[in-house]
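First up is the structure itself, then whatever we jot down about it.
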Amino acid sequence: MTMIKRDPSFELKQYLSSNWANDDAFLTAVFNSLSISFPKGEKFFMNSVRAFKDEVNTEMSEAIRMFCIQEATHTREHIKYNKLLCELKGYDFEELESIFARKLEKSYSDKVDNKMRLAITTAMEHITASMGASILKGNLVKSDNPVADMWKWHSLEEVEHKAVAYDVYKAVNGSDRIMKIVMRYALIDMIHANTRVAIKMLRHDKQFWKLSTFQSMFKFFFSKKGALRMNYADYKLFFDKDFNPQRHGNDLDLTPWKEKFSSNEPILGK
Ligand SMILES: [Fe+2]
Ligand SMILES: [Fe+2]
């Protein structure tokens, strides 16, 4: 899939202090929490893929370069998002980010080698691409505002570069067995850290003990139409014998999203 460099910007200020995702406090906190995880998470992804740039062919090394350009742009925009979010809501950024940072620290230890780090990235990239496809299909976020648009732009690029980490992992003879073991831990770790941060945000906003928050949380984790069960089939594909991200999710037409984000015009609110 073709990856291109885009340079969008989003006017977030008007919306970030509200429940911008479906007017749903829990879903909004889940997305805001994910945003907090990105700067350090995406740095980890870039480093783990870049570690192999001299061991692959020219075409793949160009794919690595484009992957890093896209991830670096996501990080740039999520840093702005996080700063504004914490200013508007009064969150302690360092405290929230440290929950994700502690999980990542384990992956930077001497016991984990470059190939294992790439396996973790391959698993995480499958999760972000599956979630991104779901967002673009309109399954998760129904709202139309610049914050939702920022997630759609990020989703588009996650789908575009969904196979890069996997292709590099295969090119350097990464083990399938290890990749699948890592996926189980990565998914559990991600859900655990993300839920902890989202709950901290909801408590801070005094939204946690509300019936509507519990209903939304229940739907998210357990309902057939909730984010977890809806995307479960996609996550499970990773464990298929012939899994290859390039072959999955191609029913999604990216054209409208490519057009929407082609101009690099700032995305403004209404
Ligand atoms: Fe990203
Ligand atoms: Fe990515």
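Each of GLU11, GLU71, GLU97 was scored by other Cβ atoms within 10 Å of its Cβ. Listed from fewest to most, they are GLU11, GLU97, GLU71. Remark: for residue pairs LYS103/LYS137; LYS89/LYS111; LYS111/LYS206; LYS106/LYS241; LYS5/LYS111; LYS180/LYS224, the C-alpha separation exceeds 32 Å in LYS89/LYS111; LYS111/LYS206; LYS5/LYS111. Ordering MET1, MET131, MET150 by the number of other Cβ atoms within 10 Å of each residue's own Cβ, fewest first, gives MET1, MET131, MET150. Pairs of Cα atoms in the chain fall into 5 Å distance bins, from 0 up to the last occupied one, in shares of 1, 6, 13, 17, 20, 18, 13, 8, 3, 1, 0 percent. Over the chain, DSSP H runs of length four or greater, each weighted -39,500 (n - 2.57), average out per residue to a 222 nm ellipticity of -22500 deg cm²/dmol.
Between ILE267, SER134, PRO256, the Cα set farthest toward the positive side of the dipole of the chain (charges on each charged residue's Cβ, about the Cα centre) is that of SER134.
In a fully extended conformation the segment linking LYS80 and ILE181 would gain 32.9 nm over its present Cα-Cα distance, using 0.36 nm per residue.
Using only Cα atoms, tell me the angle between helix 114-136 and the longest principal axis of the chain; keep it within 0 to 90° and round to the nearest 10. Helix 114-136 sits at roughly 50 degrees to that axis.
Ordering VAL159, PHE208, VAL172 by the projection of their Cα atoms onto the charge dipole of segment 13-246, which places +1 on the Cβ of Lys and Arg and -1 on the Cβ of Asp and Glu, puts PHE208 at the extreme positive end. Over the chain, Cα pairs under 8 Å with separation of 6+ residues give a relative contact order of 33 percent. Toward the positive end of the charge dipole of segment 78-187, with +1 on the Cβ of Lys and Arg and -1 on the Cβ of Asp and Glu, the farthest Cα among PRO146, LEU96, LEU187 is that of LEU187.
Each Lys and Arg contributes +1 and each Asp and Glu -1, all at the Cβ; summed about the Cα centre of segment 13-246, the dipole is approximately 820 debye. Compared with the dominant principal axis of the Cα atoms in the chain, helix 146-160 is inclined by about 10°. Our coupling estimate for segment 187-200, obtained by passing each phi through the Karplus curve with A = 6.51, B = -1.76, C = 1.60 and θ = phi - 60°, is 5, 5, 4, 5, 5, 4, 5, 5, 5, 4, 5, 4, 5, 4 Hz, Gly and Pro reported as x. Separation of segment 76-131 and segment 172-205, taken as the distance between their Cα centroids, equals 10 angstrom. Extension gain for VAL172 to SER109 (0.36 nm times residue separation, less C-alpha to C-alpha distance): 20.6 nm. Each of PHE222, PHE45 was scored by other Cβ atoms within 10 Å of its Cβ. Arranged with the fewest first, they read PHE222, PHE45.
All of the numbers you see were taken from the coordinates with simple rules; none came from a lab. Not measured: the values here are computed from a predicted model. Backbone-built Cβ (ideal geometry, glycine too); neighbour counts: all protein chains shown.
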